[in-house]
1. Please go through segment A:564-584 and pick out each residue that is outside any helix (DSSP H, G or I) and buried (at least 20 other Cβ atoms within 10 Å of the Cβ).
2. Report whether or not A:GLN444 is part of a strand (DSSP E or B), at pLDDT 90 or above, over 22 Å from the mean Cα position of the chain (by Cα) and more than 25 Å from A:SER630 (Cβ to Cβ).
3. Please determine, by comparing only the residues of segment B:206-233 that are crowded, with 22+ Cβ neighbours inside 10 Å and within 30 Å of A:GLN177 (Cβ to Cβ), which one is nearest to the other protein chains (Cβ to nearest Cβ).
4. Taking the conditions exactly as written (aromatic (Phe, Trp, Tyr) and either part of a helix (DSSP H, G or I) or outside the structural domain of B:GLY127 (by TED's automatic domain parsing) (or both)), does B:PHE177 satisfy them or not?
5. For segment A:74-90, which positions are touching a residue at least 60 places away in the same chain (Cβ under 8 Å) and closer than 22 Å to A:GLY63 by Cβ?
6. Could you list, in sequence order, the residues of segment A:125-175 that are closer than 24 Å to A:SER215 by Cα and hydroxyl-bearing (Ser, Thr, Tyr)?
7. Identify all residues within segment A:175-204 that are of a type outside the set (Ser, Thr, Tyr) and modelled with pLDDT under 90; write none if there are none.
8. If I filter segment B:234-257 for residues that are hydroxyl-bearing (Ser, Thr, Tyr) and away from chain A (no Cβ under 14 Å), do I get at least one hit?
Amino acid sequence: MTTTEHMSNEETSSPGTGDVVLEVRDLSVTFPSDDGPLPAVREVSYVLRRGEALGIVGESGSGKSVTSMAIMGLLPKNARVEGSAKVLGQEVVGLDDAEISKVRGNRIAMIFQDPLTSLNPVYTVGYQIAEAVLAHHKVGKKAAMARALELLELVDIPNPAQRLKQYPHELSGGMRQRVVIAIAMANEPDVIIADEPTTALDVTVQAQVLEALESARKETGAALVLITHDLGVVAGHVDRVGVMYGGRLVETGPVEEVFYRPRMPYALGLLGSLPRLDEDRNERLTPILGTPPSLLTLPGGCAFAPRCPMARDLCHEQEPSLLATAENGERVRVPVEDTGAHTAACHFSEELEGAQPTDLFRGTAVGAETTDTGGTADTGGTAESVAESEERAEQAERALARADGSGDTADGSGREAILTVRDLVKHFPIRSKGLLKRRIGEVQAVSGISLDLYEHETLALVGESGCGKSTTARLMLQLIRQTSGEVEYRGQPLHSMSQRQLRPLRRDLQLVFQDPFASLDPRMTVSDIVAEPLRIHGRRNGEAKKRVRELLELVGLNVEHGSRYPHEFSGGQRQRIGVARALALNPKVLILDEPVSALDVSIQAGVINLLEDLQDDLGLSYLFVSHDLSVVKHIADRVAVMYLGKIVETGTTEELFRAPAHPYTQALISAIPLPDPVKERTRERIVVTGDVPSPADPPSGCRFRTRCPKFADELSESERVKCVEEPPELVDRGTGHPDACHYSRAVELI
Amino acid sequence: MLVYTVRRVLGTIPILILASVLTFVLIDVSGDPLTQLRMQQPPPDPSVIELQEERLYLDRSMPERYWLWVTGIGGHGDIGLLQGEFGPSTQSNSYDIGAQLAERLGVTLRLVGAAMLLALGLAILAGVVSAMRQYSKIDYTLTFIGFLALSMPVFWFGGIMQHAGVSFNDLVGEQVFATIGDGLYQAQGEDLWGRITNALAYMTLPTIVLMLTSFASWSRYQRTAMLEVLNSDYVRLAKAKGLPNRVVVRRHALRTALIPLTTVVAVGIAGVIDGTVLTEQVFQWRGLGEFFVNAIETNDSYALMAWLLLSGVTVILANLVADLLYGVLDPRIRYE
């Protein structure tokens, strides 16, 4: 890798560069801001070998995307990039537009997060792929189009010849992301940087797209940098992992090493804060306290120290370097080229040997203060075991209480259903353009569902985007009116009440929104936001003030926070404000519409714990709408799985995850990536193909049959007739819980 | 695309009919064309008034008159849009509204066409430059010019330009800019070169005056559209493909950023027509603007209707063209 070599061999990979395709050294990115320079990335170094897959994990603001944008030269002009990034030995930092254009898309390609906006709406898919070919090869337009067709086949797009002539808006999100992958593959690059490539997609589509990426990579031999916040995706698809925090790499190593033997408290904490699909845990999650650091005011020492239960004086004074731990427990520097090494930026990483997340992140105050150097395992262990056994006893009691309850509700008697939905239907009309606005069809958002929400339980409504789960939630609150069907709250027919009649009942039924940034009025103080429902329902000022204080304390915020504005809070804190507002009127039922899906994992755990505590303390009933089965498994007592406006399977959480009977439920569970490298790579999967059909024109009979693996592979012609002609009812077919599949069979997946 | 075109064209028919009704009713109720005659001292002979009323069809009811105005059936052969007649004029018995309109349309089109093309070209240029150099000196300068132009009244700016033109002529001691008249008479009999210099001399100042407001608002729109597109994911992907910056800007950014401008320009035509009335007054062109002013001054209701209908049709057609262009530019519209 001498200078002469890459000078003379700018574009082609020369044997002299060895097998290193990307080498990043001390890369730093600083943005100017009104409040001073903002160090978004600080001294990141890594190497990527030919064909290798490196995962970069981190929460929002950790600098993971900015790093790769800097390598691609795609940062805005005002960004100051320092350090070096070499693609096949050629320095790419500081190149001018003409020079970097030759490298971009040729030797190094990039895939972006949102497939819906990544393609230009005015050009055909074929043109946009061919353009990538033509940018680097002097071939004719015909040849470029032929290559585009080849690439579409490579990423498994059905009817590629036809797709070539289509515009992006005619393709689904998953298909569009495949097109973006095809564009990235166009010139057989040596490096592909995928920046959250599947975050915007549904889980079943995510699985398909990741598979397409994998196979395309195999074909071209490209190395991959996979940037994601999803530890499950990383576990299944990369060889090595780098964890970023506060703009730095804080841990790197082979994926098994980092997942099974993390050496940095942050990585350990991240793993602990994840709700897991693969573990029977009714235990509480272990959130990392505090919030990610503001890059403008980074602490002097380790950026994680303010949140770290292990932090000591040294941590606050000196920023630890990224070092490996030698056999003798000493921390030693290893060259970046040593890709087998496991390094961590923690002064005390050797103490994490064999530690579990719960050792560190529960009862932190006691553990951290009493332990002396070296004694963590011992003292921490005993302190923990006491706390843990207490917790377990409590858990067991709670579980017992629930079991008691569900024992006599199996037949519907015993506990009372607080909110009941019967045969609920909601169709949204599609109207023609023009003056007449004729009704030319309807979107069947919800097609006859029945649900019971019992007192003091959490019922989860799960499904992919467009399945009608949010519409159902809104119908239950009567924020929109049903086409037909009934919604009853404690025996009162909400569906036939006027707005005026509903108003007093609204106190009991409250909503928490998904997006904590959009659901709080930026011009109102937190107190005003939380007090608003109280004012609407006619509470006096003094009374309201007192209540607001109570509520803020209840959701874990300081009373002083009341006078601040929403933008001063982090996502997790904002969601707490949203919960406080929902609780203001002492509701009986909370409808939670994806309440944690906009939050980072370390924050998400805290909000989930809060919701669980509130339910226990206040005896609330939750309808928990979510697409995330891991969270659902953690929080819900019962689950209803929705597909295209219908419930396809319902049961207790335990039953449903232990023995899912409907092929769709099975596919959903299979598609959730497990944050465990070995399990994720060896598990049995039930994979669905294609995209969700349009709810304006759902398939006849069973709505899932067009994507059903059972229908496609297992059933005989004569058996299929029933699926096509007869819509399956939601009944128990001998699996212990109801499902809507003519040929259901329980399968153990986890 | 054909279906789309046919649908859009058919869609304009009810709007045209509505426009004709509104035009007729608005003018018809807004005043009596014979006011001046009736007010004359000494009062004219009632038979004279009766004769005029009959000539102008004022002896018939309003619906009858509308029908007559559109079809010409039952008239004296000087009325009926469908027959190409716009009705009798109050200005004189021999004043042919249709012929006048056609003659003046030619004059005005020259001005409108030049102004719109110039405004559009400069607006796109300024918008793109501004967006690509956001918050630079040139962006601030163009923004300042834009808002200055937006806030200047046409008649005032027209006067200033005229004055400046005269001063310039005095300075160089030669008639470079003509500041009065449309120059069509002077161009008669000239060769091609003569016509061009004549046109430049007569058209430069009024064109600048007329295009200014449109340029200002369109360049702001173009800047916003361009900024949005430049920050879009697909422009980033185009760069990531390895396309050089100028190709990205031209092919991916500008191409999409032009789509919203088509609507703005189509709607803006109404503003340009407004502008011609004032500009032609200031520079004393015998165009449609002057026709309009004359018609108002003489209570010439059929002439007013003709002018209004023509502007209305122009705006409707411009919108139709924009709609069709939209279909060409944006495939998402085309395939609906």
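1. Selection gives A:PHE569, A:ALA584.
2. Yes; evaluated as a whole, the condition is true for this residue.
3. Looking at residues that are crowded, with 22+ Cβ neighbours inside 10 Å and within 30 Å of A:GLN177 (Cβ to Cβ), I get B:VAL229.
4. Judged against the criteria, B:PHE177 is not a match.
5. Residues satisfying the conditions are A:SER84, A:ALA85, A:LYS86, A:VAL87.
6. A:TYR127, A:SER172
7. A:ALA200, A:LEU201, A:ASP202, A:VAL203 - these are the residues of segment A:175-204 that are of a type outside the set (Ser, Thr, Tyr) and modelled with pLDDT under 90.
8. The answer is no; no qualifying residue exists.
The values are calculated or read from the model by the stated rules, or taken from the named source; none is laboratory data. In this text, all values refer to a predicted model and were calculated from it rather than measured experimentally. Note that each Cβ is placed from the backbone with ideal geometry, even for glycine, and that neighbours are counted across all protein chains shown.
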